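S.K.: Dumping the structure here so I can ask a few things about it.
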Amino acid sequence: MKENEHYRQVRRAAIAILNYLRDHATAKDTVSGIAKFWVVENEEIVAEALTLLMKEGVIEKIGKIFQLAPSRTELDNSDLFEKILKNLN
């Protein structure tokens with residue numbers, strides 16, 4: 001797989017995670033659970049997407065569980081959502 005296609009998959013997974021969390025702000029799960037139930041993507045791609053979102057301060061990891069960072073409960077704010085998406089480029 002080409003690097004650009006790989007990154008597009010990671011970005012799509014990150015967007016899917018953001019969309020899921022916008023609708024389910026209190027959701028928490030492991031990489032495996034997020035891959036299987038939230039975004040239907042392989043775990044490697046999801047792990048990379050979660051890493052990107054942690055760098056953006058959107059996701060936090062507690063043990064093996066990932067969740068929306070407490071400071072990001074306003075994901076329904078479209079300006080914030082668009083800013084995060086732009087930073088994923």
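S.K.: Can you go through Lys64, Lys55 and tell me which one is under 24 Å from Lys83 (Cα atoms), over 10 Å from the mean Cα position of the chain (by Cα), surrounded by fewer than 19 Cβ atoms within 10 Å (Cβ to Cβ) and among the basic types (Lys, Arg)?
M.R.: Checking each option against the conditions leaves just Lys55.
S.K.: Taking the range 20-32 as the search range and keeping residues that are surrounded by fewer than 17 Cβ atoms within 10 Å (Cβ to Cβ) and either out of contact with any Phe, Trp or Tyr (no Cβ under 9 Å at 6 or more places or on another chain) or among the aliphatic types (A, V, I, L, M) (or both), which one is farthest from Asn87 (Cα to Cα)?
M.R.: Per the stated criteria, the residue is Ser32.
S.K.: Return a yes/no flag: does the range 8-18 have any residue that is farther than 18 Å from Lys83 by Cα, surrounded by fewer than 17 Cβ atoms within 10 Å (Cβ to Cβ) and not polar (S, T, N, Q). Can you show your working first?
M.R.: Step one: of the range 8-18, the residues farther than 18 Å from Lys83 by Cα are 9.
Filter once more, keeping what is surrounded by fewer than 17 Cβ atoms within 10 Å (Cβ to Cβ): none.
Checked the range 8-18: no residue is farther than 18 Å from Lys83 by Cα, surrounded by fewer than 17 Cβ atoms within 10 Å (Cβ to Cβ) and not polar (S, T, N, Q).
S.K.: Going through the range 44-63 one residue at a time, which ones are over 10 Å from Leu18 (Cβ atoms) and part of a helix (DSSP H, G or I)?
M.R.: Glu44, Ile45, Val46, Ala47, Glu48, Leu50, Thr51, Leu52, Met54, Lys55
S.K.: For the range 19-38, enumerate the residues that are modelled with pLDDT of 95 or more and either in a helix (DSSP H, G or I) or over 17 Å from Lys61 (Cα atoms) (or both).
M.R.: Those that are modelled with pLDDT of 95 or more and either in a helix (DSSP H, G or I) or over 17 Å from Lys61 (Cα atoms) (or both): Val31, Ser32, Gly33, Ile34, Ala35, Lys36, Phe37, Trp38.
S.K.: Continuing with this model, one more query. Report yes if Glu82 is out of contact with any Cys (no Cβ under 7 Å at 6 or more places or on another chain), over 27 Å from Asn4 (Cα atoms), of a type in the set (Asp, Glu) and at pLDDT below 85, otherwise no.
M.R.: No; evaluated as a whole, the condition is false for this residue.
S.K.: Condition test on Ala49, is it in contact (Cβ under 8 Å) with a residue 40 or more places away in the chain, among the hydrophobic types (A, V, I, L, M, F, W, C) and in contact with a helix residue (DSSP H, G or I) (Cβ under 7 Å, 6 or more places away or on another chain)?
M.R.: Here the answer is no, as Ala49 does not meet what is asked.
The values are calculated or read from the model by the stated rules, or taken from the named source; none is laboratory data. Quick caveat: nothing in here was measured; it's all calculated off a predicted structure. Because the Cβ atoms are built from the backbone with ideal geometry, glycine has one as well, and the counts that use them run over all protein chains shown.
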